[in-house]
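Chemist: Following this message is one structure expressed as structure tokens.
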Amino acid sequence: MFNSINFAAMPSSFGFPVDKFHFRSDSVIPGLPKTELKFLESKMVTNKFKKGKTVFSEGSYPSGVFYLLKGKIKKYKSNNNGKEQIITICGDGEILGYPALLSGEAFPDSAITLEDSLVAFIPKDDFMKLLNESPILCNRLLKSLSHKFSVMENIIVAFAHKTVRERLALSLLILIEKFREKGKDSKKTEIILSREDLANFVGTAVETLVRLIKEFKDEGYIETEGKKIRVLNLKEMVRMANVY
């Protein structure tokens, strides 16, 4: 189960420091001792989620953690008017829900599939049992939590001071790494998100997003096909994102 997924850390590519803005939890489980991997596999309950199905909801309490074997999941928060702010997009190999489980608090966000996905559930008691017995797993979770905190700080600072155009450029660069397949050229990566989801990721109105996408397209930076977006000029996108 574990060897069939690409868990390689996302590299910085085309001059973009992706790790500063990329939530990554796909290196927590792979590489654990074989006995620990077998224990987790024996406790996992694997479910198929159709596109648009809820994995967990903001405000509910975790009874375990979720391990995304294959697919895409958006994590988001909703305001009082029901508007979403997408926090991150999760891909193959990522583990979800462990911060809330470890803190004993409710989920701070919701998770919904963006495409048909295969998700394994690891019950709380089994996960905590292994965590208490495995210094490797414990260290990896601490490292992952520290990285999440650093990424969140970088995103908050970046998005607070950038124009919507800069935020869109930065968002497209982040999403390239989320959607890029192993061994695939970044220029050929297709970002597949509805305009509403992309607007909620950027933090702007759909109308503003559509206008900016047209501008980017007219300027030759991207090409589109339905929901698909391909970035054609990566260096210019990095320049527009103004991340330095």
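Chemist: Could you pull out which residues in the range 113-131 have an amide N less than 17 Å from a spot 7 Å beyond the Cα of residue 70, following the Cα-Cβ vector?
Modeler: 113-121
Chemist: Place +1 on the Cβ of every Lys and Arg and -1 on the Cβ of every Asp and Glu in the range 137-238, take the dipole about the Cα centre, and give the residue among 158, 216, 141 whose Cα lies farthest towards its positive end.
Modeler: The one lying farthest along the dipole's positive direction is 141.
Chemist: Considering the dipole of the range 96-240 built from charges on the beta carbon (Lys and Arg +1, Asp and Glu -1) around the Cα centre, which of 233, 199, 121 is farthest to its positive end?
Modeler: With unit charges placed on the Cβ atoms, the residue in question is 233.
Chemist: With only Lys, Arg, Asp and Glu charged, each at its Cβ (+1 for the first two, -1 for the last two), find how big the charge dipole of the range 140-244 is about the Cα centre; round to the nearest 20 debye. It would help to have the intermediate numbers written out before the result.
Modeler: Details: 21 positive and 15 negative charges, 84 e Å.
So the dipole magnitude of the range 140-244 works out to roughly 400 debye.
Chemist: Could you work out how much longer the chain between residue 239 and residue 215 gets when fully extended? Use 0.36 nm per residue separation minus the Cα distance between them, nm to one decimal.
Modeler: Working: separation 24, 0.36 × 24 = 8.64 nm, distance 1.59 nm.
Full extension of this stretch gives 7.1 nm more.
Chemist: Next question, about the same structure. So if R0 is 35 Å, what FRET efficiency would residue 207 and residue 128 give, r being the distance between their Cβ atoms, rounded to the nearest 0.05? Let's see the in-between values first.
Modeler: Details: r = 47 Å, r/R0 = 1.33.
The computed FRET efficiency comes out at 0.15.
Chemist: Lys/Arg Cβ at +1, Asp/Glu Cβ at -1, dipole of the chain taken about the Cα centre: which of 189, 90, 39 is farthest positive-ward?
Modeler: 189
Chemist: Let me ask something else about it. In nanometres, what is the gap between the two model label sites at residue 190 and residue 102, each 7 Å from Cα along Cα-to-Cβ?
Modeler: It works out to 3.7 nm between the two label points.
Chemist: Going through the cross-link list 51/124; 51/83; 51/235; 75/228; 129/228, which pairs have a Cα-Cα distance over 31 Å in this structure? Before the final figure, lay out the partial values.
Modeler: On the way: 51/124 25 Å; 51/83 20 Å; 51/235 33 Å; 75/228 20 Å; 129/228 43 Å.
Too far apart for the 31 Å limit: 51/235; 129/228.
Chemist: Using DSSP to define loop residues, name the GluC sites (Glu not before Pro) in the range 135-244 whose beta-carbon has at most 12 other beta-carbon atoms within 10 Å. Provide the component values of the computation, followed by the final result.
Modeler: Numbers: sites: 153, 166, 177, 181, 190, 196, 207, 215, 219, 223, 225, 236; in loops: 181, 190, 219.
Here the sparse-neighbourhood loop sites are 181, 219.
Chemist: With Cβ to Cβ distances under 10 Å as the rule, what net charge do the other residues near residue 158 carry (K, R +1; D, E -1)? If you can, show how the numbers build up before the last one.
Modeler: Working: positive: 20, 162, 167; negative: 153, 166.
Around residue 158, the charge tally is +1.
Chemist: By count of other Cβ within 10 Å, fewest leading, how are 230, 211 ordered?
Modeler: 211, 230
Chemist: I'd like the FRET efficiency for residue 38 and residue 58, computed as 1/(1 + (r/R0)^6) with the beta carbon distance as r and R0 of 45 Å, rounded to 0.05. Walk me through the numbers on the way to the answer.
Modeler: On the way: r = 34 Å, r/R0 = 0.75.
Efficiency, from the Cβ-Cβ distance: 0.85.
Chemist: Output ³J(HN,Hα) for the range 150-155: one whole-Hz value per residue in order, computed from phi by the Karplus curve 6.51 cos²θ - 1.76 cosθ + 1.60 with θ = phi - 60°, and x for Gly and Pro.
Modeler: 5, 5, 4, 4, 4, 5
Chemist: Can you give me the long-range amide H partners of residue 88? Hydrogens built in the peptide plane at 1.01 Å from N, cutoff under 5 Å, separation of 5 or more residues or another chain.
Modeler: 75
Chemist: Now, a different point. Please list 135-143, 119-127 highest first by mean number of surrounding beta-carbon atoms within 10 Å per residue. Display every interim value, and only then the final one.
Modeler: Values: 135-143: 13.9, 119-127: 18.1.
The densest-packed peptide leads the list: 119-127, 135-143.
Chemist: Using 1/(1 + (r/R0)^6) with R0 = 35 angstrom and r between the beta carbons of residue 20 and residue 51, what's the FRET efficiency to the nearest 0.05?
Modeler: Values: r = 30 Å, r/R0 = 0.86.
Calculated transfer efficiency: 0.70.
Chemist: Related question: Sorted from fewest to most neighbouring beta carbons within 10 Å, what does the list 22, 147 look like?
Modeler: Working: 22 20, 147 16.
Ranking 22, 147 by Cβ neighbours within 10 Å, fewest first, gives 147, 22.
Chemist: For the chain, rounded, prolate or oblate, judged on the Cα gyration tensor with a ≥ b ≥ c (square roots of eigenvalues), a/c < 1.5 rounded, else prolate if a/b > b/c? If you can, show how the numbers build up before the last one.
Modeler: Numbers: a/c = 1.88, a/b = 1.66, b/c = 1.13.
Note, shape of the chain comes out prolate.
Chemist: Rounding to the nearest 20 debye, state how big the charge dipole of the chain is about its Cα centre with +1 on each Lys and Arg Cβ and -1 on each Asp and Glu Cβ. Mind showing how you got there, number by number?
Modeler: On the way: 38 positive and 30 negative charges, 59 e Å.
Rounded to the nearest 20 debye, it is 280 debye.
Chemist: Compute the whole-percent fraction of alpha carbon pairs in the range 162-241 spaced more than 15 Å apart.
Modeler: Values: 1601 of 3160 pairs.
Everything past 15 Å amounts to 51 percent.
Chemist: Moving on. What angle, in degrees between 0 and 90 and rounded to the nearest 10, separates the Cα long axis of helix 164-179 from the longest principal axis of the Cα atoms of the chain?
Modeler: The angle comes out at about 40 degrees.
Every number in this text was worked out from the coordinates using simple rules, so none of it is lab data. Quick caveat: nothing in here was measured; it's all calculated off a predicted structure. Cβ sites come from the backbone with ideal geometry, for glycine too, and all protein chains shown count toward neighbours.
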